[in-house]
Structures are given as structure tokens and as C-alpha cells.
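The block underneath contains the structure these notes are about, expressed in C-alpha cells.
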Amino acid sequence: MTGSLSGSPAVAQSELSLVLSEFARTMLTDFPLQAILDALVQRIVGLLPVSGAGVTLIGEGDSPRYIAASDSRALRFERLQTTLGHGPCVVAHRTNAAVLVPDLGADEQFSAFGPHAVAAGLLAVFTFPLRHGEQRLGALDLYRDKVGPLNDADMVMAQTLADVAAAYLINAQAREQAEASVRRLHHLALHDALTGLPNRTLLQQRLARAAHTPSRGLTVVLFVDLDAFKTVNDTHGHRVGDDLLVAVARRLARLIRPGDTLARIAGDEFVLLYEDVSTNTDIDALAVRVESAFTAPFTLPRAELELTMTASIGIAHAGADSELEDSLIEEADLAMYEAKRLGGGAHRRADLRDTSFPGTRPRRERELRTALREGALQLVYQLIVACADRTIVGVEALLRWDHPTHGPLSPTGLIELAEQSTLIIDLGEWVLGQACTDHGRWLDTHPDTRLSLSVNVSARQLVAPDYVGSVARVLHRTAMDPTRLILEITENVFLEDSEHVSTVLHDLTALGVRLALDDFGTGFSCLSYLQRLPLSLIKIDQAFTTSIDDTSSGVVIIAAVTDLAHTLGLQVIVEGIETAHHHNEVTTLGCDYAQGYLYSRPTTAAAITTLLATR
Ligand code: C2E
Ligand code: MG
Ligand code: MG
């Protein structure tokens with residue numbers, strides 16, 4: 001261990017700046033904490049007249065835990081303090097002040113550590129607390145194999161380096177915690193709690209992945225719905241119903257190979273996704289196997305019951321050469337209904353390969369296109385309020401279609417349908433134009449309102465040619481103030497070409513528009529894009545609000561996401577606030593804004609005008 005000497009103060013100063021800027025850059029990378037601290041202690045030995053350096057993290061209860069050392073001797077001294085639970089680093093940590101021992105041989109304070117260290121050739125030690133605001137994290141130890149003090153300039157530099165290490169530790173800890181909760185959140189958001197099977201969201205991700213993976217075979221979706229499941233629940237109670245669902249899940253799970261997906265997407269609805277089926281005949285074989293899974297009765301030990309069940313099965317598939325359709329699940333669902341209608345209680349199959357099947361996609365798409373052209377679509381608006389005082393800060397535009405025969409239709413299905421073709425582009429442009437026009441009317445009657453306007457944007461829209469141009473034209477035509485507009489994107493956009501998406505998002509913000517990440521936590525939750533992309537807001541999905549009621553995980557997750565968002569300079573909107581309890585919880589957790597039935601149901605533009613007048 002050879003001690004280096006600091007050169008001229010100017011050289012040392014510029015080297016220090018170099019180390020600091022190196023550090024600042026690694027802060028935002030996923031570089032492992034250990035590697036960075038190892039590099040730091042190495043650099044310190046080059047910068048200061050010391051022979052070794054170590055960083056020790058000290059947790060609750062003062063017991064030191066080694067982190068990094070510049071060489072094997074420094075490591076030995078760090079370990080020595082760790083083993084003894086005593087030494088300069090413990091004192092620096094406890095007193096929050098530097099501990100200077102220029103002559104360890106003459107020192108009496110560290111009676112256990114001192115003699116061991118001196119025997120190993122260590123003659124002086126200087127220890128600086130690692131602190132960040134109120135938090136104390138541990139200490140930076142500087143070791144020297146000769147007696148004598150550090151000069152003032154070196155002392156200042158040492159404390160500066162300790163402060164940098166502390167800031168880095170805080171950042172890395174926050175990142176690790178956030179990553180762990182996002183991983184937890186990911187699992188919760190993608191699986192069904194009862195059976196542990198993938199849920200609808202994960203199923204949709206697998207379908208999307210299948211669409212992006214070249215395959216030689218067919219992609220097949222089997223939609224399985226138990227017949228008369230409600231009767232089981234009504235006669236034997238929900239616990240027996242739950243046991244039955246778990247038993248069905250187990251039996252169906254035997255039918256899939258690695259790479260296939262079995263999901264439970266709602267009460268008694270299971271979906272099997274096979275990604276690489278060779279022939280149409282194989283599809284029939286799959287359906288027969290599912291049917292045969294119901295031949296034997298289900299034994300439910302808790303209720304001492306044996307139940308014989310039947311199921312209706314719907315099938316949809318996409319060929320290797322045809323474009324894989326996101327609507328496969330919906331089509332298999334329709335096919336399943338057809339099976340129920342035909343049989344009810346029997347194992348029947350309806351198949352979309354039968355072209356006479358009613359209600360197929362092209363027809364519905366034509367209807368939607370006509371509705372758009374003829375002005376039969378509407379927008380409704382839902383309030384967004386500030387958590388602190390419930391003042392209205394904005395509204396979100398939501399699409400509605402009052403279908404002439406089916407009644408009001410949910411936008412989720414409509415958007416999925418429109419996304420199958422360029423219809424989404426026209427539809428999206430209409431939504432934006434209509435919403436901006438309505439916003440203009442609110443401003444006409446209430447010029448002092450600061451109301452922001454949130455509009456949902458589909459991933460397909462965003463990657464269409466000249467999307468930014470179309471937004472700019474709508475803003476111009478409707479005289480909308482771009483800084484009042486928030487475009488809500490979902491994590492789905494990250495399935496698209498990421499370079500292109502990133503350019504589009506930056507161009508949108510250049511127009512003055514803000515971006516929100518919608519339904520956070522249900523998609524491909526990946527932390528790095530939160531840093532990379534020009535987002536202003538995160539909307540935490542309502543699934544997490546709902547889980548406030550029955551598990552504590554909802555609270556933990558919302559807290560973690562909120563902290564993470566705030567660390568990254570983003571604001572948080574929580575969705576699905578239905579009760580005063582939800583409101584109080586998310587307000588306590590520091591969420592900025594909230595949206596949900598507690599404050600308002602989605603309502604017409606005219607009703608918003610009235611509301612503004614009464615405020
Ligand atoms: P989103 O953007 O997350 O919108 C919030 C959805 O949650 C709305 O459903 C809203 O009615 C519902 N909601 C609000 N508060 C509560 C609550 O307290 N409890 C419960 N259970 N639900 C609540 P909606 O209107 O059915 O919209 C569903 C989704 O359809 C939207 O989710 C959005 O992703 C999409 N969407 C709606 N309009 C458009 C549009 O114009 N363009 C695009 N691309 N997507 C749209
Ligand atoms: Mg939204
Ligand atoms: Mg949402």
C-alpha cells in the first residue's frame with residue numbers, strides 16, 4: 001500500500017471536479033452501487049495523501065456493514081471495525097462529525113481497534129460521516145501508514161467526497177427500493193390473486209408479443225367459460241365457488257406446454273393462448289382436449305363435494321401469414337357466446353372460421369366508421385382534482401358511443417377495434433378536435449378558468465405518419481393553448497419502435513403540450529423510460545386504488561410510485577378514487593391529483609359548463 005501525495009492545490013481541485021462529474025453521470029445509470037463505490041475509494045487514494053480508503057454503511061442500531069475498500073488491507077480494517085462493532089467509523093456515524101486519529105499508536109479512544117490496526121501497519125486514520133440532510137448512512141475511512149495530520153484542504157476535499165458518496169447511496173437505495181416495489185407491483189398487476197394465473201393484462205401482453213414475433217404456425221385463442229357457475233356460487237357459497245375455480249385452473253394448466261399461456265381474465269372465464277400451432281386440425285384437437293378436461297367431476301375437499309361441470313368454448317385464430325389481430329380474445333369471446341346460445345350446458349364450439357358467424361370485426365368496424373362520419377360519437381368529461389383541497393384542476397375526455405341496438409358501448413372495445421385499422425387516426429383526431437373545441441367554449445363562458453384538458457392517445461395514433469403535425473393543426477384550428485393540453489399515453493407505446501416514439505414525444509413537448517403516462521403499473525413498467533422520456537405526469541392505475549381496500553400492498557405501491565415520480569420531478573394522478581377513505585389515503589401518501597367517481601362520474605361538456613358556473 002503506497003501512499004500518494006496530493007500535488008499542487010490547483011491540480012487536486014481539477015481532479016476533484018473530474019471525480020465529481022464522473023459521479024454525477026453514473027447517478028442516472030443502472031451501474032451497480034458496488035462498482036461505483038469501489039471506483040470512488042480507488043480514486044480517493046489517488047487524490048488524497050492516504051494509503052487506503054473504505055466506505056462503510058451503518059444501518060439501524062449502529063452495527064457497521066462493509067461496502068467498499070480500495071485494497072485488501074483497507075478491506076481488512078473495514079472488516080475489523082465491522083467485527084468489533086467499534087472503531088472510528090462507528091463514532092463518526094454516531095456523532096455526525098469527523099474523527100481524526102493522526103497517531104493511532106498514541107490513541108486511547110479505540111482500545112480494541114487501535115492495537116490490531118497498528119500491528120498491521122496502520123498508523124493514522126481519518127473518518128468522515130456519510131450524511132445527507134437528516135439522514136446518516138455510515139462513514140468514509142481514510143487510512144495512512146505514516147503518522148501525522150491531514151491539512152485543511154485535504155480535510156475539506158475528504159468531506160466533499162464523503163458527501164458525494166452519501167448522495168450516491170441515497171439515490172441508489174431509492175432506486176433499489178423503487179425497483180423492488182415495481183417488480184412486486186408488476187407481478188400483482190399481471191396475475192390473478194385467486195389462481196395465480198396470468199390475468200387479462202398479461203394475456204394481452206403475450207398476444208402483443210406474439211404479434212411481434214415471427215412464427216411459422218397459427219396463433220390460437222380458446223375462450224373457456226364455465227356453464228352455470230353462478231348456480232354453484234349461489235347454492236354453495238363463494239368459498240366453494242373459489243375452490244372450484246382453482247380446481248379448474250389446475251386441470252386446464254395440465255393442457256399447456258411451456259410457451260403457451262393459460263389466463264383467468266374474469267370470474268369464470270379462462271383463456272388459453274397457443275402461439276405456434278401447425279394446422280387447423282390441431283386447433284380442433286386442442287378444443288377436444290379442453291372439453292375432455294371437464295369429463296371427470298371436480299373434487300372440492302373443503303366442502304366435501306364433487307361437482308360435474310361443463311364449459312362453453314370459443315375459438316379464434318390468426319394464421320402465420322395474416323396480420324395477428326389484437327381482437328382475437330374478443331372474437332373468441334363472441335364465439336364462446338355463440339356456443340352458449342347454441343348449447344347451454346353442453347360442450348359446443350363455435351368457430352370464427354365459419355364465415356356466417358354474426359358480429360364479426362369488419363361489420364363492427366364499418367359501423368363505427370359510419371358513426372364517426374355521421375357525428376354519432378360523443379365525448380364525456382371527468383374531473384381531475386387537487387388532492388390537497390379538492391379544487392378542480394382539469395378534465396379528462398372519454399369517448400362514448402350510444403350504439404343504436406347495443407346501447408352505450410365502452411371505449412375500451414371501440415378503441416381496440418379502431419386500432420385494427422387507420423380508423424384510429426381519424427377517430428383520435430376527432431376526439432382531440434372535439435375536446436379542444438369544448439375546452440374553448442368553457443373558456444368563453446369562464447375566461448379565468450385554469451382548467452387543463454387531458455386527452456387519451458392510442459399508441460397506434462402516435463406512430464402514424466405526421467402525428468405531431470396533426471396535433472399542431474388541431475391546436476391552431478381550435479385556438480387551444482398547448483400548455484393546457486395533456487396527452488395521455490400508455491405503456492403500450494413502448495412496444496412500438498422506441499427511437500421513433502421518443503422523437504414524437506419530444507416533438508409534442510416542443511409544441512408546449514404535456515404528457516402523462518396513463519394506467520401506470522399495468523403494462524411493461526420499466527423504470528428507465530420514466531427518466532428517458534419527457535413526461536410530466538404519471539397516472540396510477542385504478543387497480544391499485546381498489547387494492548387499498550383489501551390489502552396493504554395498494555398503499556405500499558402507491559407510496560413507492562409517488563416517491564419515485566417525485567424524485568424524477570413528475571407529478572402523480574391517482575385514478576379510481578371511489579370513497580373518502582381512498583381520498584384520504586392517497587392524500588396522505590403525497591399524491592398530487594386524483595380522479596374518480598367520488599368527485600364526479602364522466603359527464604357532458606354542457607354539464608361541465610354548469611359546474612364551472614357554480615364554482
Ligand atoms: P382511462 O384513460 O384510464 O380512463 C379512466 C377510466 O376509468 C374511464 O373509463 C372512467 O370512466 C373510469 N373511471 C373513472 N373513475 C372511476 C372510478 O372511481 N371507479 C371506476 N371503477 N372507474 C372509474 P372509460 O370511460 O370506460 O374509459 C376506459 C379507457 O378507454 C380509458 O381509460 C382510456 O384508456 C380509453 N379511452 C377512452 N376514451 C378514449 C379516447 O378518446 N382515445 C383513446 N385512445 N382511448 C380512450
Ligand atoms: Mg386516460
Ligand atoms: Mg387510466
Item to check | Span from the segment 249-313 Cα centroid across to the segment 420-480 one, whole angstrom | outcome: 45
Item to check | Mean residue ellipticity (222 nm) of the chain, computed from DSSP H runs ≥ 4 via -39,500 (n - 2.57), nearest 500 | outcome: -15000 deg cm²/dmol
Item to check | Antiparallel DSSP beta bridges within the chain, percent to nearest 5 | outcome: 70
Next on the checklist: Place a point 7 Å from the Cα of residue 304 along the Cα-to-Cβ direction; which residues of segment 213-253 have their backbone N under 19 Å from it?
Outcome noted: 235-241, 243-244
Checklist entry - Once a ≥ b ≥ c are taken as the square roots of the eigenvalues of the Cα gyration tensor of segment 550-593, is the result rounded (a/c under 1.5), prolate (a/b larger than b/c) or oblate (a/b not larger than b/c)? => result oblate
Checklist outcome for this item: Between residue 421 and residue 496, the FRET efficiency computed from the C-beta separation at R0 = 22 Å comes out, to the nearest 0.05, as 0.85
Item to check | If the convex hull is drawn through the Cα atoms of segment 499-615, its volume per residue in Å³ | outcome: 135
Checklist entry - Can you give me the relative contact order of segment 33-163 as a percent, contacts being Cα pairs under 8 Å and 6 or more apart? => result 25
Next on the checklist: I'd like the FRET efficiency for residue 276 and residue 250, computed as 1/(1 + (r/R0)^6) with the beta carbon distance as r and R0 of 30 Å, rounded to 0.05.
Outcome noted: 0.80
Next on the checklist: Calculate the FRET efficiency for residue 153 and residue 532 from the Cβ-Cβ distance with a Förster distance of 41 Å, rounded to the nearest 0.05.
Outcome noted: 0.55
Checklist outcome for this item: Along the dipole axis of segment 69-213 (charges at Cβ: +1 for Lys and Arg, -1 for Asp and Glu; origin at the Cα centre), the most positive-end residue among 98, 123, 69 is 69
Item to check | HN-Hα J in Hz across segment 327-342 - Karplus 6.51, -1.76, 1.60, θ = phi - 60°, x for Gly and Pro | outcome: 8, 3, 5, 4, 5, 5, 4, 4, 4, 5, 4, 4, 4, 5, 4, 6
Next on the checklist: Give me a comma-separated list of calculated 3J(HN,Hα) values for segment 117-124, in order, Karplus coefficients 6.51, -1.76, 1.60 applied at θ = phi - 60°, integers in Hz, x for any Gly or Pro.
Outcome noted: 5, 4, 4, 8, x, 8, 10, 8
Checklist entry - Normalised by the residues of the chain, what does the relative contact order come to in percent, with Cα pairs under 8 Å and at least six apart? => result 9
Checklist outcome for this item: The simple spin-label model distance between residue 212 and residue 389, using points 7 Å out along Cα→Cβ, in nm, is 4.4
Next on the checklist: Give the residue list of trypsin sites (Lys or Arg not before Pro) in segment 199-303 that are DSSP loop and have at most 14 other beta-carbon atoms within 10 angstrom.
Outcome noted: 216, 254
Next on the checklist: Expected output is a single nm value to one decimal: the length gained when fully extending between residue 550 and residue 607, i.e. 0.36 nm times separation in residues minus the C-alpha distance. What is it?
Outcome noted: 17.1 nm
Item to check | Straight-distance crosslink candidates among aspartates and glutamates, where the alpha carbon sits under 17 Å from residue 340 and sequence neighbours closer than 8 are dropped | outcome: 225, 227, 268, 269, 291, 330, 331, 351, 354
Checklist entry - What is the spin-label model distance, in nm, from residue 109 to residue 511 if the labels are put 7 Å beyond Cα along the C-beta direction? => result 6.3
Checklist entry - Based only on Cα atoms, what Rg/Rh ratio does the chain have, Rh being taken as Kirkwood's radius? => result 1.08
Next on the checklist: Need the C-alpha centroid separation for segment 129-145 versus segment 552-615, integer Å.
Outcome noted: 40
Item to check | Note, ³J(HN,Hα) from phi for segment 535-550, Karplus 6.51, -1.76, 1.60, rounded to Hz, x at Gly and Pro | outcome: 8, 10, 9, 10, 9, 7, 4, 5, 4, 6, 5, 4, 6, 4, 6, 10
Checklist outcome for this item: Once amide hydrogens are built 1.01 Å from N within the peptide plane, the residues lying 5 or more places from residue 267 or on another chain with amide H under 5 Å from its amide H are none
Checklist entry - Of 598, 579, 516, which is farthest along the charge dipole of segment 500-603 in the positive direction, counting Lys and Arg as +1 and Asp and Glu as -1 at C-beta? => result 516
Next on the checklist: With +1 on the Cβ of every Lys and Arg and -1 on the Cβ of every Asp and Glu, and nothing else charged, how large is the dipole of segment 482-598 about its Cα centre, in debye rounded to the nearest 20?
Outcome noted: 400
Checklist entry - Under 5 Å between amide H atoms, partner at least 5 residues away or on a different chain: which partners does residue 603 have, H built in plane at 1.01 Å? => result 381, 382
Item to check | Proximal charge balance of residue 449 [Cβ under 12 Å; K/R count +1, D/E count -1] | outcome: +1
Checklist outcome for this item: Summed over the other residues with a beta carbon less than 10 angstrom from that of residue 195, with K and R at +1 and D and E at -1, the charge totals 0
Next on the checklist: I'd like the accessible area for residue 387: 1.4 Å probe, protein heavy atoms, all chains in place, Å² to the nearest 10.
Outcome noted: 0
Next on the checklist: Check which residues have an amide H placed less than 5 Å from residue 298's amide H, if you skip close sequence neighbours.
Outcome noted: 307, 308, 309
Item to check | Solvent-free Debye scattering, log10 I(q)/I(0), computed from the Cα coordinates of segment 146-202 at q = 0.14, 0.24 Å⁻¹ | outcome: -0.60, -0.90
Checklist entry - For the residue pair residue 95 and residue 135, what label-to-label distance in nm results when each label sits 7 Å from Cα along the Cα-to-beta-carbon direction? => result 2.5
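The values are calculated or read from the model by the stated rules, or taken from the named source; none is laboratory data. The structure presented is a predicted model; accordingly, all values stated were derived computationally and were not measured. For neighbour counting, all protein chains shown are included, and Cβ atoms are generated from backbone atoms with ideal geometry for every residue, glycine included. In case anyone asks, the SASA skips ligands and DNA or RNA and just uses the protein heavy atoms, side chains included. Shrake-Rupley method; radii C 1.70, N 1.55, O 1.52, S 1.80 Å.
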